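The values are calculated or read from the model by the stated rules, or taken from the named source; none is laboratory data. Given the structure is predicted, the values throughout are model-derived calculations rather than measurements. Don't worry about glycine lacking a Cβ; one is built from the backbone with ideal geometry, like all the others, and counts go over all protein chains shown.
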Amino acid sequence: MDLENKPELEIFLEDLPSKAEKVIKKSKKEAPVWTIEDSENLYGIQGWGDPYYSINAAGHVTVSPQGDRGGSLDLWSLVESLRKRNLGLPILIRFSDILADRIERLNACFAKAIARYNYPGIYQGVYPIKCNQQRHIVEAVIRYGKPYQFGLEAGSKPELMIALATLPPQLDRNEKAPKSLIICNGYKDREYLETALLAKRLGHKPIIVIDQLEDLYLVIDISQKLNIKPILGVRAKLNPKDWGQAKTSIGDRSKFGLTIPEILKMVNQLEALEMLDCLKLLHFHVGSQISNITLIKEAMREASQIYIQLVKMGAKMRYLNVGGGLAVDYDGSHTNFYASKNYNMQNYANDIVGAIQEACEQANIAVPTLVSESGRAIAAHQSVLVFDVLSTSDIPYNPPEPLDNKEHLIVKNLWEIYNSISKKNYQESYHDAIQFKEEAISLFNFGYLSLTERARAEKLYWACCHKILEITRHQDYVSDDLEDLEKIMASIYYVNFSVFQSAPESWSLNQLFPIMPIHRLKEKPTERGILADLTCDSDGKIDQFIDLRDVKSVLELHPILSSKKSTINSDGKSEKILTKDSYYLGMFLIGAYQEIMGNLHNLFGDINVVHIAMNPKGYQIESIVRGDTMTEVLSYVQYDGSDLLESMRRYTEAALAEQKITFEEAQRLLDDYEQSLRRYTYLVADSL
């Protein structure tokens, strides 16, 4: 050792602990922590939620009902506030300002496209009532759509009743002034057509769309008897090259519309009766969720030519109704995947306006007023379903107990596999573990393995799977035979709602909706789970979730926490009880179709609905629609609550007479029964 450097060495050694401490502290600071940006990326909220949904600094989902032009509110805080108002979960929260914003954006996009192409016509949208028939929604659409002469589309007689009584008539006699339209689609009988025609006398502007030739013959007869000139439209069956997901909505064998020969027959019939001037609208519909803009372009090209030919044949055409199809980007991927779309609202408007403008210019005819029935794009974003997690079912994992030499060979084999699993052999180990598990079940079934031994074998099998899963999560590529392991190992989160009531398309059509926790988003979600609803049905689950790459079979979730809560026991003393902390999940973009399509499977009824509107001080609750009570749901299946209660009273009296129940027990049973009849059909999370 160089003695001259000894003081410096001693100084270095003296400083070593403090330097090491600094390195440790630095490494701790630099260790990756979970951020709200990580949650944004994981759940894709910036893709599907923009501009209405995001995450705040507290790790809670926020809602900006007016998009980037207004304030926001904390969704978790809102739910907590609603619960204090004695509103139980699940709750459907509707934001009427989002509805207003969607209508404004749609009209603004068409206005911009019209200006871009110097289009001499106008755009008049209609809201298809079938998308969401709830009174508050329809009334809000009419209110917010009034500046744009926004109308309604009725696809049935009941929907026509709504349209005529809800949309204010316009008594202005100026025929050239734009009026809100009522588009009459679907099957029609004499009463339907007569009502629609007579509504003209009130100032309404109903356009009766001929979906089948029988409609034509009937409306001609009624109009002649009433001496009311009808406004007619015709729905054409289009045949674009690339049908995609719309193959059931278009083509010669689609449910509604006329083929080209049938349209010619209709024109000839009207011409013979000197009524061809009544035909003013061409309608087509290629589906309610068109993910690929190419299909819309193809449809517009064909429809434009049909429109031009009708004009040349003498029809006084005025409107082109492009139907629905404007898609919602449910997964935020901006692709032509069925749960997404590869275009935005402005692209949609541009392609429609540009296509008909070009065709009419070439044909030297006047352009039509453009009409669309963009119900899904208007209604989907405004509703959020919030529900709580009641409990979870997890595959238990603990490091296996040491091996006993006396244990069965199957157990020894599984133990050996468990201890030998590595990055090099995890795939082979997985197949071996499956084989030995199956052998264990076979031996048990033939009586060669005890219940205790089988349980030991299964615990070792799951321990192997857990170890292998941890390895696969860090691999760039996982073989097909291991892809299902994540789903097999997933926890089951039992959630407080009915898929059949609140998200029926998820069950019936495999529709994807964004689902994510609405709080705890600054914490890393360490669990992988699927959602199981309250119904006694194996289909009552959600095991497909949005993902940027494809569809994933599990959802990243947080563990359910518990805490001690003070309460007063029966002796009047304070005691601590362990309770589960609330864990709220949100299902987003469900404002279209879900509510009306829901059913009463297992008699879970309509849920609580709250309408929220923004104001300068924050927000206000516009209205509360209480969900069904058990008495109300039972009445739907012809049970009377009073009769049921009286029947229970008679049974308890008989049991009392035979001393099978005490008076206190009988009274408690009747009280519980009566209170249950008055309560919500969904559950309240109990303490552990």
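Taken together, 364, 342 contain a single residue that is at pLDDT 95 or above and out of contact with any His (no Cβ under 9 Å at 6 or more places or on another chain), which is 364.
Number of residues in the range 301-314 that are closer than 19 Å to residue 364 by Cβ and touching a Phe, Trp or Tyr at 6+ places or on another chain (Cβ under 9 Å) equals 2. Beta carbons closer than 6 Å, at least 6 apart along the sequence or on distinct chains, pair a first residue in the range 620-640 that is charged (D, E, K, R) with a second that is part of a loop (DSSP other than H, G, I, E, B) for 628/605; 628/606; 628/681. Exactly one residue out of 162, 208 is closer than 27 Å to residue 122 by Cβ and buried (at least 21 other Cβ atoms within 10 Å of the Cβ), and it is 208.
Contact map, the range 35-54: residues that are crowded, with 17+ Cβ neighbours inside 10 Å paired with residues that are part of a strand (DSSP E or B) and of a type in the set (Gly, Ala, Ser), Cβ distance under 7 Å, separation 6+ or inter-chain. Pairs shown: 45/54. Is it the case that the range 351-359 has a residue that's farther than 30 Å from residue 49 by Cα and surrounded by fewer than 16 Cβ atoms within 10 Å (Cβ to Cβ)? Yes, the range 351-359 contains a residue that is farther than 30 Å from residue 49 by Cα and surrounded by fewer than 16 Cβ atoms within 10 Å (Cβ to Cβ). Here residue 267 meets the list (1) aliphatic (A, V, I, L, M); (2) over 17 Å from residue 305 (Cβ atoms); (3) modelled with pLDDT of 95 or more almost entirely, failing just condition (2). Is it the case that some residue within the range 287-309 is within 20 Å of residue 219 (Cβ to Cβ) and in the same structural domain as residue 155 (by TED's automatic domain parsing)? Checked against the condition, which is being within 20 Å of residue 219 (Cβ to Cβ) and in the same structural domain as residue 155 (by TED's automatic domain parsing), the range 287-309 yields no hits at all.
Applying a threshold of 7 Å to beta carbon distances and a minimum spacing of six or more residues, or different chains, the list of pairs starting in the range 661-679 at a residue that is in a loop (DSSP other than H, G, I, E, B) and ending at one that is modelled with pLDDT of 95 or more and among the β-branched types (Val, Ile, Thr) reads 661/652; 678/629; 678/631; 679/629. Residues of the range 253-288 that are charged (D, E, K, R) and crowded, with 19+ Cβ neighbours inside 10 Å: 280 alone. Among the residues of the range 71-99, the ones that are surrounded by 20 or more Cβ atoms within 10 Å (Cβ to Cβ) and part of a helix (DSSP H, G or I) come to 9 in all. Just give me the residues in the range 392-419 being of a type in the set (S, T, N, Q) and surrounded by 14 or more Cβ atoms within 10 Å (Cβ to Cβ), in sequence order. Hits for the range 392-419 are 392, 413. Could you please let me know if residue 341 is among the basic types (Lys, Arg) and either surrounded by fewer than 21 Cβ atoms within 10 Å (Cβ to Cβ) or under 16 Å from residue 233 (Cβ atoms) (or both)? In short, no.
One residue stands out among those in the range 169-187 that are in a loop (DSSP other than H, G, I, E, B) and modelled with pLDDT of 95 or more: the one that is nearest to residue 318 (Cα to Cα), which is 181. Note on the range 57-83: residues that are under 19 Å from the mean Cα position of the chain (by Cα) and either polar (S, T, N, Q) or assigned by TED's automatic domain parsing to the domain that holds residue 525 (or both) amount to 2.
Table: residues versus (1) over 31 Å from the mean Cα position of the chain (by Cα); (2) β-branched (Val, Ile, Thr); (3) at pLDDT 95 or above; (4) in a helix (DSSP H, G or I).
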position: 435; (1), (2), (3), (4): yes, no, yes, yes
position: 439; (1), (2), (3), (4): yes, no, yes, yes
position: 470; (1), (2), (3), (4): yes, no, no, yes
position: 492; (1), (2), (3), (4): no, yes, yes, no
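Within the range 198-218, the set of residues being over 22 Å from residue 323 (Cα atoms) and part of a helix (DSSP H, G or I) comprises 198, 199, 200, 201, 202, 217, 218.
Looking at 395, 417, 378, just one residue is at pLDDT below 95 and in contact with a helix residue (DSSP H, G or I) (Cβ under 6 Å, 6 or more places away or on another chain), and that residue is 395. Checking each residue in the range 57-66 for being crowded, with 17+ Cβ neighbours inside 10 Å and free of Cβ contacts under 8 Å to residues at least 60 places away in the same chain picks out 62, 64. Within the range 171-178, is there a residue that is in the same structural domain as residue 321 (by TED's automatic domain parsing), farther than 23 Å from residue 218 by Cβ, in contact (Cβ under 8 Å) with a residue 40 or more places away in the chain and of a type outside the set (Lys, Arg)? Yes, the range 171-178 contains a residue that is in the same structural domain as residue 321 (by TED's automatic domain parsing), farther than 23 Å from residue 218 by Cβ, in contact (Cβ under 8 Å) with a residue 40 or more places away in the chain and of a type outside the set (Lys, Arg).
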